[in-house]
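The values are calculated or read from the model by the stated rules, or taken from the named source; none is laboratory data. Computed from a predicted model, the values in this text were never measured in an experiment. Virtual Cβ from ideal backbone geometry, glycine too; neighbours counted across all protein chains shown.
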């Protein structure tokens, strides 16, 4: 007779605020809100939570310009990015959002985020540096996304080059 397998009991409890998987810092800068999110990885729920916190802070300040520094080496699957971005656009109606990520491997996915946000009427833009992001955010002009696909050229999908 074989010995019986051990029994495991899984106990789940709600995650406390101080147990979240990311750090979120805010700084009120002249003309905009700066937010830095840092984590080793994020779930869709984590992303929704930190974006909700950013929206709440921005709305409480009546600030329509936000610079998000995203120091997270991983990226959500495309479907989660799509739905999370849609939710964030609804939370940030009329805001201008600059995104900076030091993780170049995530830039293609983050360009997808800016495209989804821009296609839903938001003004999202991905930048390589904080300085570029701040300049764009405070300029008030230009397109919402420098790499935006131009769908008015007969469907060829060429990239705009205007800045």
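Against the definition (within 20 Å of residue 36 (Cα to Cα), out of contact with any strand residue (DSSP E or B) (no Cβ under 7 Å at 6 or more places or on another chain) and surrounded by 18 or more Cβ atoms within 10 Å (Cβ to Cβ)), how does residue 110 come out, yes or no? No, not satisfied.
Step by step: first the residues of the stretch 64-73, then only those that are modelled with pLDDT of 95 or more and more than 11 Å from the chain's Cα centre (by Cα), then the one that is surrounded by the most Cβ atoms within 10 Å (Cβ to Cβ). Which residue is that? Result: 65.
Take the conditions (1) in a loop (DSSP other than H, G, I, E, B); (2) over 12 Å from the mean Cα position of the chain (by Cα); residue 42 misses just one of them, which is (2). For residues that are under 26 Å from residue 73 (Cβ atoms) and modelled with pLDDT under 90, scanning just the stretch 118-143, find the one that is surrounded by the fewest Cβ atoms within 10 Å (Cβ to Cβ). By that ranking, first place goes to 118.
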